[in-house]
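Everything below concerns the one structure shown next.
The values are calculated or read from the model by the stated rules, or taken from the named source; none is laboratory data. Just so it is clear, the model here is predicted, and its values are computed rather than measured. Backbone-built Cβ (ideal geometry, glycine too); neighbour counts: all protein chains shown. Heavy atoms of the whole protein, side chains included, go into the accessibility calculation; ligands, DNA and RNA do not. Shrake-Rupley method; radii C 1.70, N 1.55, O 1.52, S 1.80 Å.
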Amino acid sequence: MAITVGVIGTGAIGADHARRITQTLTGAEVIALTDVNLEQAETVKNTLKLNATVYADGHELIANSGVDAVLVTSWGATHEEYVLAAIKAGKYVFCEKPLATTAQGCQNIVDAEMAAGKRLVQVGFMRPYDSGYKMLKQAIDSGEIGTPLMIHAAHRNQSVGKNYNTPMAIHDTLIHELDVFRWLLDDEYVSTQVVFPRKTTFAHDQLADPQIVLLETKKGVRIDVEVFVNCQYGYDIQCAVVGEQGIANLPEPQAITMRKNAQLGNALLTDWKDRFIDSYDVELQDFFDGISANKLTGPSSWNGLAAAIASDACVTAQQSGQIEKINLPERPELYR
Ligand code: NAI
Ligand code: NAD
Ligand code: ISE
């Protein structure tokens, strides 16, 4: 029997996840949809030819006894409310990043899940499922480059919309790096500072762009991340881990090299949807396989909380200009 899924938020990634569940993955079926823009939910239902019901809101969808598992793919600020409701209903829930936009929101989710006594939540941190990042982790864990000392990274988007503001560069964009570096290095952050280079003329009033985030870990690794969300030229994720004996770089996405018009080169991606397309497939399949086995093993609420604690400190650092401490509490048994 297929796992029946309800999708809350049928925008860019909600529609894409509904497509992959329907056309690519196995063992699950989308039978319920909702969106604050109900027309958008109807469009996704019709485009994918789903045998699904469109609900008036997320709470009605969660309450429906026919829905086994919930996908929360609405805007970040709405995640906490729906994830808490799904836990209360005893349902498995896959929540897109960020788990909540603040550490307190994530803590509320961790508390609710611990009260439920079992893991019900998986967070949409897909990078640990990406083959490039897995190769990078393998290079670190095998000792090939020696002890890691530094990371130089960049998260660049071609452009962002008018409602994207300065803190979102942290809790919506940098959050991926905040998660994946903990996993890559098997380490935790202790401090952060954010500095602002000269501002691009392509950024609007409410957005300082680019930003450079400086992180320090418990083991003393120093990390610099350039977040530049109006870089114009493409969608570009860079990560170079500098070790005592060598440097390991995140592989570039595969692309053909072309000779044309007296130039030698290859096209760059422009859309985040294409950059990690395989890992979105693997993470969601892992979620459904985890439900079937009654044991989720992917990125947990704890990973969501750990990233959010660092994210809150980075947002404070954006405003203070100072080095801010990052304190992660003891990891509870449920998440070990
Ligand atoms: P979007 O704006 O295209 O879609 C969000 C949808 O949610 C919209 O259709 C909106 O009407 C709906 N919505 C908003 N509030 C709602 C509510 N209270 N109840 C029901 N529906 C509601 O945004 P996008 O790009 O799809 O992002 C959605 C989430 O997915 C965000 O949390 C974002 O951070 C995350 N995301 C994750 C990515 C990843 O790489 N893992 C990539 C892109 C987005
Ligand atoms: P592992 O259990 O050997 O160790 C990973 C460590 O990183 C653990 O301490 C864990 O708590 C932590 N961690 C896991 N996910 C994290 C995250 N998102 N952010 C920060 N820390 C995280 O794990 P592994 O086998 O190397 O797998 C790592 C991740 O990749 C997991 O999320 C796993 O589910 C996923 N994975 C999936 C597949 C697949 O094919 N579905 C294959 C390999 C790994
Ligand atoms: C978006 O929400 C994502 O999650 C993308 O992966 C990221 O690159 C982008 O900056 C975010 O806005």
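The single residue among Leu50, Leu61 that is open to solvent by less than 30 Å² (accessible area, probe 1.4 Å), touching a strand residue (DSSP E or B) at 6+ places or on another chain (Cβ under 6 Å) and more than 21 Å from Gly124 (Cα to Cα) turns out to be Leu50.
Out of curiosity, is Ile323 in contact with a Ser or Thr (Cβ under 7 Å, 6 or more places away or on another chain) and open to solvent by 10 Å² or more (accessible area, probe 1.4 Å)? Write out each step before concluding.
Working: in contact with a Ser or Thr (Cβ under 7 Å, 6 or more places away or on another chain): yes; open to solvent by 10 Å² or more (accessible area, probe 1.4 Å): yes.
Criteria met by Ile323.
Within the stretch 2-42, take every residue that is among the polar types (S, T, N, Q) and within 15 Å of Val282 (Cβ to Cβ) and give me the one that is nearest to ligand 3 (Cβ to nearest atom). If you could, list the steps in order and put the result at the bottom.
Applying the first criterion (among the polar types (S, T, N, Q)) to the stretch 2-42 yields 4, 10, 22-24, 26, 34, 37, 40.
Keeping just the survivors that are within 15 Å of Val282 (Cβ to Cβ) gives 24, 26.
Numbers: Thr24: 19, Thr26: 25 Å.
Among residues in the stretch 2-42 that are among the polar types (S, T, N, Q) and within 15 Å of Val282 (Cβ to Cβ), the one nearest to ligand 3 (Cβ to nearest atom) is Thr24.
Please give the number of the condition Ala248 fails out of (1) surrounded by fewer than 20 Cβ atoms within 10 Å (Cβ to Cβ); (2) assigned to a strand (DSSP E or B); (3) small (Gly, Ala, Ser). Condition not satisfied by Ala248: (1). Residues in the stretch 172-218 that are within 22 Å of Arg127 (Cβ to Cβ), out of contact with any strand residue (DSSP E or B) (no Cβ under 8 Å at 6 or more places or on another chain) and either of a type in the set (Ser, Thr, Tyr) or surrounded by fewer than 21 Cβ atoms within 10 Å (Cβ to Cβ) (or both): Asp172, Trp183, Asp186. Of Lys97, Lys91, all but one fail to be over 15 Å from Leu185 (Cβ atoms), open to solvent by less than 40 Å² (accessible area, probe 1.4 Å) and away from ligand 2 (no atom under 16 Å from the Cβ); the exception is Lys91.
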